[in-house]
Structures are given as C-alpha cells and as structure tokens.
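Enquirer: Before we start, here is the structure in question, set down as structure tokens.
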Amino acid sequence: MELILIILLGLLYAAGVYLILRRSMVKLLLGIMLLGSGTNILIFLLGGIVKGKPPVIDEDAKLFQDIFADPIPQSLILTAIVISFALTAFAIVLLKRVYALVNSDDLDDLNTPEEEDI
C-alpha cells in the first residue's frame with residue numbers, strides 16, 4: 001500500500017512541476033493543484049498507515065495496548081484540502097478576470113507592455 005502511494009506521490013509531483021513550467025495560466029493552476037494533492041499524500045504517508053485502527057480511543061483505556069492511527073496528520077490534510085479549495089476558487093476567478101482583460105491565457109502576454117498608438 002505504501003509503495004503505491006509513494007509512486008503516486010512521485011507522479012503527482014512530476015506532473016505538477018511539469019505543468020507549472022508551461023506558459024499557460026490554466027496549466028499553472030492545475031500544476032499547483034497537483035502539487036497540493038501530492039503534499040497531502042506525503043503528510044498522510046509521514047503520519048503512518050495503520051489498518052483498521054481509527055484514532056478514536058476508548059476513554060476507559062489507561063494504557064495503549066495497540067497501535068492507533070495518529071489524528072494530527074489527518075486533521076492537517078483536512079485543513080489543507082479546505083485551504084486548497086479556497087485558493088483554487090480564488091485563482092479561477094482571478095484567471096477569468098485576467099483572460100477577460102488580456103484575451104489570452106499565455107503568461108508571456110502579461111509581461112509585454114502594450115504598444116500605444118500615436
């Protein structure tokens with residue numbers, strides 16, 4: 001299970017970096033989203049994968065007799081998902097506005113100054 005997630009993590013990072021290096025603003029946003037998903041999987045892997053043991057421990061237990069899942073990485077991933085959703089929504093609105101002004105999604109069109117007609 002962990003090997004599959006490590007391979008998926010590498011693929012997400014590779015695809016994210018590849019898309020960020022493209023000239024399109026939409027591909028840039030998709031690359032950032034892929035890097036965010038890869039980071040969530042990385043946090044999940046670092047927290048440890050424990051099958052069948054949720055992070056809910058009986059209140060009568062004085063000592064931990066078994067291995068339980070760590071709830072901190074899970075809560076960090078949940079928070080990261082909410083933040084990445086808000087960032088993606090804001091970026092989509094921003095990209096739509098830039099496209100309406102520039103009529104292109106090419107990043108190089110944003111750097112070139114407009115030629116003034118005299």
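The values are calculated or read from the model by the stated rules, or taken from the named source; none is laboratory data. From a predicted model like this one, the values you see are computed outputs, not experimental measurements. Because the Cβ atoms are built from the backbone with ideal geometry, glycine has one as well, and the counts that use them run over all protein chains shown. Calculation scope for accessible area: heavy atoms of the full protein, side chains included, ligands and nucleic acids excluded. Shrake-Rupley method; radii C 1.70, N 1.55, O 1.52, S 1.80 Å.
Enquirer: So what is the calculated 222 nm ellipticity per residue for the chain, using -39500 (n - 2.57) for each DSSP H run with n of 4 or more, over all residues, to the nearest 500 deg cm²/dmol?
Expert: Details: 4 runs with 78 residues, N = 118.
My calculation for the chain gives -22500 deg cm²/dmol from helical runs alone.
Enquirer: Can you send over the carbon and sulfur percentage of the accessible area for the chain, probe radius 1.4 Å, protein chains only? Don't skip to the end; give the middle numbers.
Expert: On the way: 6290 of 9310 Å².
C and S atoms contribute 68 percent here.
Enquirer: Based on the alpha carbon coordinates of the chain, what radius of gyration and maximum Cα-Cα distance (Dmax) apply, in Å?
Expert: Expressed in Å, the Cα Rg and Dmax of the chain come to 21.1, 83.
Enquirer: For LYS27, list the lysines whose Cα falls under 21 Å from its own Cα; do not include residues on the same chain fewer than 8 positions away.
Expert: Candidates past the 8-residue exclusion: LYS96.
Enquirer: Next question. Given the options LEU46, ILE92, THR79, identify the residue whose Cα lies farthest towards the positive end of the charge dipole of the chain (+1 on Cβ of Lys, Arg; -1 on Cβ of Asp, Glu).
Expert: Projecting each Cα onto the dipole axis, the largest value belongs to LEU46.
Enquirer: Next question. Name the lysines eligible as straight-distance cross-link partners of LYS62: C-alpha to C-alpha under 28 Å, and not fewer than 8 places from it in the same chain.
Expert: Candidates past the 8-residue exclusion: LYS51, LYS53.
Enquirer: Moving to a separate point now. Per residue, how much accessible surface does the chain expose to a 1.4 Å probe? Answer in Å², no decimals.
Expert: Averaged over the residues of the chain, the accessible area is 79 Å².
Enquirer: Angle, helix 71-102 long axis vs. longest principal axis of the chain, Cα atoms, 0 to 90°, nearest 10?
Expert: For helix 71-102, the angle is close to 10 degrees.
Enquirer: Taking the Cα centre as origin and putting +1 on Lys and Arg beta-carbons and -1 on Asp and Glu beta-carbons, what dipole magnitude results for the chain, to the nearest 20 debye?
Expert: Details: 8 positive and 14 negative charges, 95 e Å.
Roughly 460 debye for the chain.
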